[in-house]
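Engineer: I'd like to ask you about the structure that follows.
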């Protein structure tokens, strides 16, 4: 346990930050799960509409420093690739 008042304060601050970071990470994972569920169900329209909001959430986390820039870019890229595969495999009308 911390002894000095500044160390105690830093411990309290880090506990608050951990809660916020955990909530944001959970939110990102939820969005990605919804997206992958739509892709697995071949819901091209729903997945295409959800992609910008997923990208927005990931980039918000990147800008706040919760996840690293390359990690965010990799996640967005993999989701865009899934959409591209879904669109290419869709039957032509």
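Each reported figure results from applying straightforward, stated rules to the coordinates on display, with no laboratory input. Note that this is a predicted model, so its numbers are computed, not measured. Positions of Cβ are backbone-derived with ideal geometry, glycine not excepted, and every protein chain shown enters the neighbour counts.
Engineer: Would you calculate the separation in nanometres between label points at residue 17 and residue 59, each defined as 7 Å from the Cα along the Cα-to-beta-carbon direction?
Structural biologist: About 2.5 nm separates the two model spin labels.
Engineer: Let me make sure I get this right: for segment 44-93, a, b and c are the square roots of the gyration tensor eigenvalues over alpha carbons, sorted descending. Under 1.5 in a/c it's rounded, otherwise prolate if a/b > b/c, else oblate. Which is it?
Structural biologist: oblate
Engineer: Right, something else. When a/c is below 1.5 the answer is rounded, else prolate if a/b is larger than b/c, else oblate, so apply that to segment 10-61 with a ≥ b ≥ c taken from the square roots of the Cα gyration tensor eigenvalues.
Structural biologist: Since a/c reaches 1.5 and a/b is larger than b/c, the shape of segment 10-61 is classed as prolate.
Engineer: Then there is this: Is the chain best put as rounded, prolate or oblate by its Cα gyration tensor, with a ≥ b ≥ c the root eigenvalues, rounded for a/c under 1.5, and otherwise prolate when a/b is larger than b/c, oblate when not?
Structural biologist: Judged from the Cα gyration tensor, the chain comes out prolate (a/c at least 1.5, a/b above b/c).
Engineer: Here is a follow-up. When the Cα centres of segment 1-29 and segment 41-57 are compared, how far apart do they sit, in Å?
Structural biologist: 32
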